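First up is the structure itself, then whatever we jot down about it.
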Amino acid sequence: MKRALTDLAIFGGPAAFLHDLYVGRPTIGDRTRFFARLEWALNNNWLTNGGPLVREFEGRVADLADVRHCVATCNATVALQLVLRASDVSGEVIMPSMTFAATAHAASWLGLEPVFCDVDPETGLIDPDHAAALVSPRTGAIVGVHLWGRAAPVDALHKIAADKQVKLFFDAAHALGCTADGRAIGGFGDAEVFSFHATKTVTSFEGGAIVTDDGQLADRIRTMHNFGLSPERAVAEIGTNGKMSESAAAMGLTSLDAFAETRDLNRTNHALYSAELRGLRGISVHQFDARERNNYQYVIVSVDKTATGIDRDQMQAILRAEKVIAQPYFSPGCHQMPPYRRDPPVRLAHTEYLSEQVLALPTGPAVSSEDIRRVCDIVRIAVTNGELINAQWDQRMCRSS
């Protein structure tokens, strides 16, 4: 096996992978269907501006989310910006720090101020009690995040938003096809935002969507995402170019065709990781609520250094050395990133604890059962030799400094 951590001669077991294993290889689906859709768009000279493929994609996403309205966009970051702008949000936006930076960037790009909230240390989901305590006269909205497909505490956040009279939105980038209390994610809050980035269960190359039951909000977003043009093609207000193209919709529809199969495969992969790593000291696979529907897009493990002898970053480096590209989703927390750090620093104990431990392992259609077993073999060998690895790691750090 390739030894890129190197003089650690403990990796003599599994054979090297023939190709790198990544978190989030794209779910392409049937290429024949994709090319047929693309051919249709080319033959009809309709490449953008809300063509039939985009409208079909919006309808299918709305059905999956069980909502009345869906507006497809060029990406989810712009989608969240459109939601905030169309809802006339001003001032501060409360959101969990345990999220991708784009959640915070979307607010900051509009001149809003992200206010970072701590999370539940077990689930990584926004702590509603802390969110309620952060509401101030300057608060314009709360953005909950359905992390790794797990539903945020929607009922508690709804109550806070109603009591405090602020807007409530959800970043549902991870949660297409998932449920909360048996209800499809998509219809909670004033609006929710999906992502169709290449790493997601359903991809449109790049893309996003806003889903809502608020027809007036959907109409305004539809105008704003097309340069502010009204249905009569007059400039009704300030807008931007946030549209999804027909080629992106062709990919999205084809990926949607494969969604059920992809979800089932992800579930099988998650179950295999859980079985292979069960009982391994210091390694825990985050589980999903069996009562809810999930897309199983992410396999998240926590690495507890006190039990394994190595920390999450060392585990990530060992995996990378063996051509396994695992990702720390999400680390550091947004409040610790340079654009958002404050002096004195904001301390979010649960976020900081969890973000130092979590690692997303490869899954999806490109990852086989044999691949998973090999990944777990590497993790098992690393934990078994944790003290030796940590000692040699410290020596290397001393030499490099």
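Key figures for this structure:
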quantity: Sequence-separation-based contact order of segment 222-346, relative, with Cα cut under 8 Å and 6+ spacing, percent; calculated: 12
quantity: Label-to-label distance, nm, for residues given as S90 and D289 (7 Å Cα→Cβ offset); calculated: 3.7
quantity: Cα centroid separation - segment 307-378 against segment 76-107, whole Å; calculated: 24
quantity: The chain: most fluctuating residue of T32, T363, T203 per GNM, C-alpha cutoff 10 Å; calculated: T32
quantity: Potential extension, T268-W109 segment - 0.36 nm per residue separation minus Cα distance; calculated: 53.3 nm
quantity: Mean Cβ count within 10 Å, highest first, over the residues of peptides 66-72, 162-168; calculated: 66-72, 162-168
quantity: Across K164/K200; K167/K200; K159/K243, pairs whose alpha-carbon gap is larger than 30 Å; calculated: K164/K200; K159/K243
quantity: Cleavage-rule hits (GluC sites (Glu not before Pro)) in segment 204-239: DSSP loop, at most 10 neighbouring Cβ within 10 angstrom; calculated: E232
quantity: Pairwise label distance in nanometres, R33 with R373, each label 7 Å out on the Cα-Cβ vector; calculated: 3.1
quantity: Relative contact order, percent, segment 285-373 [alpha-carbon distance under 8 Å, six or more residues apart]; calculated: 37
quantity: Candidates L277, L157, L42, ranked by Gaussian network fluctuation over the chain, Cα under 10 Å, top entry; calculated: L42
quantity: Neighbour cut-off at most 15 other Cβ (10 Å), DSSP loop, trypsin sites (Lys or Arg not before Pro), segment 298-401; calculated: R341, R342, R347
quantity: Cα gyration tensor category, rounded, prolate or oblate, for segment 113-266 with a/c compared to 1.5; calculated: oblate
quantity: Solvent-accessible area, 1.4 Å probe, carbon plus sulfur percent, for the chain; calculated: 51
quantity: Rg and Dmax [Cα atoms of the chain; Å; Rg one decimal, Dmax integer]; calculated: 22.1, 70
quantity: Surface per residue (accessible, 1.4 Å probe) for the chain, Å²; calculated: 43
quantity: Surface accessible to a 1.4 Å probe, I381 within the full protein complex, Å²; calculated: 40
quantity: Helical mean residue ellipticity (222 nm; -39500 (n - 2.57) per DSSP H run of 4+; nearest 500) of the chain; calculated: -12000 deg cm²/dmol
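The values are calculated or read from the model by the stated rules, or taken from the named source; none is laboratory data. What you see is a predicted model, and the numbers here were worked out from it, not measured in a lab. When we count neighbours, we look across all protein chains shown, and the Cβ atoms used for this are built from the backbone with ideal geometry, even at glycine. Please note that ligands, DNA and RNA were not included when accessible areas were found on the heavy atoms of the full protein model with its side chains. Shrake-Rupley method; radii C 1.70, N 1.55, O 1.52, S 1.80 Å.
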